[in-house]
Amino acid sequence: MERTLILLKPDCIQRRLAGRILTRFEDKGLNIVALKMIRVTPELSKEHYAEHVEKPFYPTLESFITGAPVIAAIIEGLEAIRVVREMLGATSGLKAAAGTIRGDYSSSRQMNLVHASDGPEAAKREIKLYFKPEEICECDPTISPWLRASDE
């Protein structure tokens, strides 16, 4: 099992798409093991986007991510990082394939609805930024045997 962090960004929350998007992850057979709505502070934004802080576009990014609440979640499943990123589609909604979350709901590069960790190290770092260990609910849903073989 692998875990990844997702953030349903301010545009997702303001457009009332959170339920639809979370449903897509669940429909895929992924588990939500932590979930909360928060306001990203400028300090948390700087930690999360540390590699971008010195770039010219960072002030706009910080203004966007701190402008309204986000929903942070930990998604768990087989190859969860790759699967979630493929479900999201290309970063720009204008380039994302139809059938992906961004392809279906976004028409912007920045307002692309969902952040997802891009690799195992990023997932570990980002999960620690948004969740305390006691906020993670270990769970093996009773439907699991019907979603994948026992040796997967």
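Please treat every number below as a calculation from the coordinates, not as lab data. Because the structure is predicted, anything quoted here is derived from the model rather than measured. Backbone-built Cβ (ideal geometry, glycine too); neighbour counts: all protein chains shown.
I need the full set of residues from the range 1-30 which are assigned to a strand (DSSP E or B) and charged (D, E, K, R), in order please.
E2, R3
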*Could you count how many residues in the range 95-152 are in contact with a Lys or Arg (Cβ under 7 Å, 6 or more places away or on another chain), within 21 Å of R39 (Cα to Cα) and of a type in the set (V, I, T)?*
2
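When the range 74-95 is examined, which residues are found to be assigned to a loop (DSSP other than H, G, I, E, B) and over 16 Å from L113 (Cα atoms)?
Keep residues of the range 74-95 that are assigned to a loop (DSSP other than H, G, I, E, B), which gives 78-79, 89-95.
Across the range 74-95, the qualifying residues are L78, E79.
Got a number for residues in the range 101-121 being surrounded by fewer than 19 Cβ atoms within 10 Å (Cβ to Cβ) and either part of a loop (DSSP other than H, G, I, E, B) or touching a residue at least 24 places away in the same chain (Cβ under 8 Å) (or both)? Talk me through it step by step, then tell me what you get.
Within the range 101-121, the first condition is being surrounded by fewer than 19 Cβ atoms within 10 Å (Cβ to Cβ), and the residues that meet it are 103-104, 107-111, 118-121.
From what is left, the residues that are either part of a loop (DSSP other than H, G, I, E, B) or touching a residue at least 24 places away in the same chain (Cβ under 8 Å) (or both) are 107-111, 118-120.
Residues that pass the stated criteria total 8.
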*asked:* Against the definition (over 12 Å from A68 (Cα atoms) and not charged (D, E, K, R)), how does L8 come out, yes or no?
replied: no
